Amino acid sequence: MSERKVLNKYFPPDFDPDLIPRRKQPKNSQQVVRLMAPFSMCCNTCGEYIYKGKKFNARKETVDGEDYYGIKIFRFYIKCTLCSAEITFKTDPKNTDYAAEHGASRNYEPWREEQAVEEEDRLAKLEAEENNPMKVLENRTQDSKREMDILDALQDIRARNARNERVGQSVDLVARVNVEDIEREEDEERRRQEEEDEKLVKKAFAKRTQPPADAVPAAPASKAGHKRKADDEAPSLQSLLPESTRALIQSNSFAPTLIKKPKASGDVKKSLGIKVVKKKT
């Protein structure tokens, strides 16, 4: 199946383009073009509003006898969207714009009036300066004063921008210094906490390794071949006792009680073969 909308066409081998007859066209023939309304306009027949950018199928032709420094001027024909009245407008190469010609009037555009007023003022100023030298001097003085004011304002703006930039840099520097101080304080606080933790750990391990106060310390095992030095003193028995026992011994309430043995009776003595001999005095 052949493709649709192809650009290549078949030309037979005996095709000769010179044999194609040329058709005769009028000198100023119109062309059908597709365009958009170059400006907002109002139809003079029905008052319909046509906004800028509205698309039309228009007829285009070259304006006879009109040009701008050799640039051709074109005329376009469109129809009103409501009453189908014919509307024409032309190109305006002088102002790089379009101009309404027939069937519609251009809507009010305030910026165009401002431009026209400025142009009129400029022309009037030039005309007044041609015949009055004092006016020329006054205008030059006013222009120089205006330029000086503009330069002063520009200098103020530059100074303000420079000051704002310096303030911004100083603020950034202060913020950076504050951040560094905060980080330094955090590091010191972290180091201090680590030192405190280490001290607590060492203290806890020291308590675990120390014997209780009331425990009797074990005598060091003497190895064979080791002798005690002559100047070493043997620990006393009381120093080996726990503190509670030493306190009980030192208190007055603790006193050893003597147990009296019962006297042996005569029968017991005889049975044991014990003779009691009393010495004569």
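Overview of results
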item: Lone qualifier among 94, 145 - being among the charged types (D, E, K, R) and surrounded by 11 or more Cβ atoms within 10 Å (Cβ to Cβ); result: 94
item: Scope segment 97-106; condition within 21 Å of residue 71 (Cβ to Cβ) and surrounded by 13 or more Cβ atoms within 10 Å (Cβ to Cβ); matching residues; result: 98, 99, 100, 101
item: Unique match (being closer than 30 Å to residue 95 by Cα, touching a helix residue (DSSP H, G or I) at 6+ places or on another chain (Cβ under 9 Å) and in a helix (DSSP H, G or I)) among 125, 135; result: 125
item: Strands (runs of 3 or more DSSP E) lying entirely in segment 66-113 (those with 3 or more residues that are without any contact (Cβ under 8 Å) to a residue 60 or more places away in the chain); result: 71-79, 86-92, 97-102
item: Qualifying residue in segment 107-122 (condition: among the small types (Gly, Ala, Ser), within 30 Å of residue 25 (Cα to Cα) and surrounded by 10 or more Cβ atoms within 10 Å (Cβ to Cβ)); result: no
item: From 142, 155, residue being of a type in the set (S, T, N, Q) and either closer than 30 Å to residue 71 by Cα or over 48 Å from the mean Cα position of the chain (by Cα) (or both); result: 142
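Yes or no, residue by residue, for (1) modelled with pLDDT of 95 or more; (2) under 24 Å from residue 112 (Cα atoms):
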position: 10; (1), (2): no, no
position: 19; (1), (2): no, no
position: 61; (1), (2): no, no
position: 68; (1), (2): no, yes
position: 76; (1), (2): yes, yes
position: 81; (1), (2): no, no
position: 97; (1), (2): no, yes
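The values are calculated or read from the model by the stated rules, or taken from the named source; none is laboratory data. Quantities reported herein were computed from a predicted structural model and do not represent experimental measurements. Backbone-built Cβ (ideal geometry, glycine too); neighbour counts: all protein chains shown.
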